[in-house]
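One structure is given below, encoded as C-alpha cells.
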Amino acid sequence: MPIYVIIPNMESKARVYFATARSGKWRYDDSMPGKLERLLNQAHLSSYFDKDEWVAVKTHFGSPGAYRVVRPVFLRTVVNALKAINAKPFITDTVRIQGIDYLEVANANGINHLSVGAPVVLADGLYGRDSILIKAGDLLNEVAVASVIHDVTAMVVCSHVKGHINAGYAGAIKNVAMGGISSSHRHYGWKCGRGAMHTIGEGAMEWDGNQCEHCLQCVEVCPLEIIGFVEEKIVWNSDKCWRCGRCQRVCPASAINFPGDDERFMRSMAESAKAVLGTFSPSKVLYINFLTEIQPECDCMPTADVPMVQDIGILLSYDIVAIERASIDLILKEKHLPSSAAEGLEGDVFKSIHAKPYEFQLIEAERLGLGSSRYELITLS
Ligand code: SF4
Ligand code: SF4
C-alpha cells in the first residue's frame, strides 16, 4: 500500500519538506495555513493512511497561561487534509493536569471540536491513568503508553518546537516520548510514567530549607496540589507526585531538587519514543514541526515567554530524527531576538538558556533505529 516508504540507511537521506514563515505574496497559497496545505499535499497522505482509518493528531494542549501551542488553524488544516482522503482524524494529548480541567485548557487555547473540525480526546482518559505497559529499554524498563495512542493505527504528530525544562530542546521526540505516555500508571505509578525520565532511582524530592525563600511558587505550580508548608517546612506527598519537575523549575532559590542525569534523560526519551512508536506499523506516523513562537520553556509551564528567535516555518517528514535534526539546524542559524530570554547570550540558543546536552535525544533515537539524521531539505517554492 505505501508508495513512499523512507528507510533510513547510510545511502539514503530522509526527505524533510520545509515551508518558510516569510510571506512574499498577497495570496492564501503563500500564507502559513496555505503553505501547510501544500506541504500536506507533498506528504501523499492517501499512500499512508486508509479510508475510514482513525488517525490521532497528537499535539500539546498547553496550560493555563501557556498559550503558544500549535494554533487551531493549523490543526484544522491537518484535519481537513485527512478528511479529504476519507480518514477519520481526532485531536489528542495526554493528561497534564486533571482531565476535565485539561480539556478546558484546550478549549481556552482555542482547541475544540468546532475550531479544529474533529473531536478532541484525552489520550489516557479523564484521570490520566488509562495506559498500557510497553517494554522500553535498559533505562526505563517499561513505560505506560496512553491507551488511545497505543490502540490507534495511525498518527500525525504536530509539535510546537521550543525549549524545555529538562530536555533543553523540545520537538517531535519529546512530543512522542513524554506526550505519548501517562504521568502515572494506574498500578505502577510515576515509575512507568514521564517522571521516570525526569528522575532516577527513587526520585525523592530534596529540599534545602536554608535556601528556601518561602515564595510558595512551588505550591502554586504543582498540578496535583501536593506541596504545602507547615511551620515553614515543606510537606510533599511522595506517593502522589508525578515527578514532573515543575516545582524544581520555578524555584528561584534552587531549594528543590530531584535526582537526575541529563544524558540519561535524553536517552530515556528516545527509549520512550521507541516504545510509543513501536505500537504503530512502519510509515504510519507523520511528523509536522512548527518552528513558530520558539519560546524557552515547555507548553506545560504556567506562562509562555516571548520567542527567542524569529518564526522560521513548518517542517514535515515521515522520519522523526530527520525532522528534529533539520529543525535544530534551521533554528541555530537564527539570531537571538532582542528583549527575549536569549538576548545577549552567545551560541546555541537552547544551550544558552538551559545548558542541556539535547543532542543525545537524536543520537540515541538514531541508534535505536527510529530514523536518520541524514536528510534532504525540500523547500516549498
Ligand atoms: S514534581 Fe513537583 S510539581 Fe510535579 S507533581 Fe511532584 S510535587 Fe508537584
Ligand atoms: S519555590 Fe523554592 S523558594 Fe519558593 S517556597 Fe518553594 S522551595 Fe521555597
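Computed quantities for the displayed model
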item: Residue in region 208-222 that is more than 8 Å from ligand 2 (Cβ to nearest atom), small (Gly, Ala, Ser), over 21 Å from residue 184 (Cα atoms) and part of a loop (DSSP other than H, G, I, E, B) present; result: yes
item: 3 or more residues at pLDDT 95 or above and farther than 19 Å from residue 288 by Cβ: qualifying strands (runs of 3 or more DSSP E) within region 91-154; result: 131-135, 142-146
item: Filter pass, residue 68 being assigned to a loop (DSSP other than H, G, I, E, B), closer than 29 Å to residue 307 by Cα, modelled with pLDDT under 95 and in the same structural domain as residue 304 (by TED's automatic domain parsing); result: no
item: Positions within region 167-201 being over 14 Å from residue 129 (Cα atoms), out of contact with any Lys or Arg (no Cβ under 7 Å at 6 or more places or on another chain) and not in a strand (DSSP E or B), in sequence order; result: 171, 172, 173, 174, 176, 177, 196, 197, 201
item: Residue 170 under 17 Å from the mean Cα position of the chain (by Cα) and more than 14 Å from ligand 1 (Cβ to nearest atom); result: yes
item: Of residues in region 223-253 being part of a helix (DSSP H, G or I) and either in contact with a strand residue (DSSP E or B) (Cβ under 6 Å, 6 or more places away or on another chain) or in the same structural domain as residue 167 (by TED's automatic domain parsing) (or both), the one farthest from ligand 2 (Cβ to nearest atom); result: 248
item: Where a residue in region 206-231 is modelled with pLDDT of 95 or more and more than 10 Å from ligand 1 (Cβ to nearest atom) and its partner, wherever it lies, is among the basic types (Lys, Arg) and not in a helix (DSSP H, G or I), with Cβ under 8 Å and at least six apart; result: 209/233
item: Exclusive hit being within 16 Å of ligand 2 (Cβ to nearest atom), over 17 Å from residue 196 (Cα atoms) and buried (at least 21 other Cβ atoms within 10 Å of the Cβ), set 256, 294; result: 256
item: Among the candidates 304, 273, residue that is within 21 Å of residue 165 (Cα to Cα) and surrounded by 22 or more Cβ atoms within 10 Å (Cβ to Cβ); result: 273
item: Of residues in region 241-297 being in contact with a helix residue (DSSP H, G or I) (Cβ under 8 Å, 6 or more places away or on another chain) and of a type in the set (Gly, Ala, Ser), the one farthest from residue 132 (Cα to Cα); result: 260
item: Lone qualifier among 86, 141 - being within 18 Å of residue 186 (Cα to Cα) and without any contact (Cβ under 8 Å) to a residue 60 or more places away in the chain; result: 141
item: Which listed residue is more than 18 Å from residue 157 (Cα to Cα) and touching a Ser or Thr at 6+ places or on another chain (Cβ under 6 Å), from 30, 52, 101; result: 30
item: Qualifying residue in region 254-263 (condition: part of a loop (DSSP other than H, G, I, E, B), under 23 Å from residue 325 (Cα atoms) and away from ligand 1 (no atom under 12 Å from the Cβ)); result: yes
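The values are calculated or read from the model by the stated rules, or taken from the named source; none is laboratory data. Not measured: the values here are computed from a predicted model. So basically every Cβ, Gly included, is an ideal-geometry build from the backbone, and we count neighbours across all protein chains shown.
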